[in-house]
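Since the structure comes first, as structure tokens, the remarks are kept for the end.
Derivation of every value follows stated rules applied to the coordinates shown; laboratory data play no part. Keep in mind it's a predicted model, so treat the numbers as computed, not measured. Counting neighbours? That spans all protein chains shown, and the Cβs are built from the backbone with ideal geometry, glycine included.
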């Protein structure tokens, strides 16, 4: 006999019902995820995915190119929360940390450093080495191919409501414009009017978030849609044990809330459910969920990988994951893979899908991961139990 508890209702009801009918939840999730994946004729041609991780032992930045680890030369040890960005086609990368950012054209090339202050970051706004801009919270400057200034810096007026400009963060590039958000390295707290779309050539703020879309939310994960039309944000409440405010999706053209996202499904321990990772897989929003429970929320129970569609969250894969990122086109147009970091020991690897074979063992990694968003939805159901 199968019993439903309050923790089993909501988005997990279909999975529980499937188990009652003799079908394993992971099997049902696999079928539903596969059903949502694009058919061959609908597949969008895309460049091979790029990703980056931090090696746990050396604290150095490792790029994932064609599914293989490539240490970023000259970048050295990472200090402070880094910011990794790619040009629109993923061919050019920047990585900032500790007041310096590096521009890196790819394997076989040296990483060129550039310093512009304590919060120095950089981003390519086009697939062109000459379209590199630095940003330090107050100024933007266009740089040449080797990091030399190509124009005078321009000021950025992010408004009087910003109380610590040195924490402003480049979250991505939208149609050649910089998407900038406020992220405090200590609290990562953000609220209204903390998101801007900025013209890098002039420093003009083109669009500013105007609604209290994230009051009392500390952003810890930001996901940009592959066509940059949407940005999804999630984080924690004011306290570690407070419920997560869930996910907010914004239209990047207006920075106003777009389609609503359902609350996270309930956990099995009457705790609070949070996203350990958030990403777009094709056009579909995904999250790696964990439940915090027990005294002072000292215990964490993994809830696997979940997919948001038709106004509900559906489980795709079971496993103790800290981070998961889909990767596409590593072996041709319709090939799929995933970057996986386990919670606990930080075991980090790239696996081919749908078979789940390990393509590259990356050792132990930090939970922070970065990747270019996929244009196509990659079936992640084979990650269950791996």
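In whole Å, what is the distance between the alpha-carbon centres of the stretch 320-360 and the stretch 100-114?
25
From the Cα gyration tensor of the stretch 227-386, with a ≥ b ≥ c the square roots of its eigenvalues, which class applies: rounded if a/c is under 1.5, or else prolate if a/b is larger than b/c, or else oblate?
oblate
Packing-wise, with mean Cβ within 10 Å as the measure, how do 378-384, 264-270 rank, highest first?
Descending packing order for the listed peptides: 378-384, 264-270.
Quick one: check the C-alpha center-to-center distance for the stretch 292-313 versus the stretch 138-153, whole angstrom.
43
When you count, for each residue, the other Cβ atoms within 10 Å and take the mean per peptide, how do 319-328, 105-114, 85-94 rank with the highest first?
With the highest mean Cβ count within 10 Å placed first, the list reads 319-328, 85-94, 105-114.
Work out, step by step, the length gained on full extension between residue 301 and residue 146: first 0.36 nm times the residue separation, then minus their alpha carbon distance; give nm to one decimal.
Length gained between residue 301 and residue 146: 51.1 nm.
Quick one: order 365, 120 by neighbouring beta-carbon count within 10 Å, fewest to most.
Starting with the residue having the fewest Cβ neighbours, the order is 120, 365.
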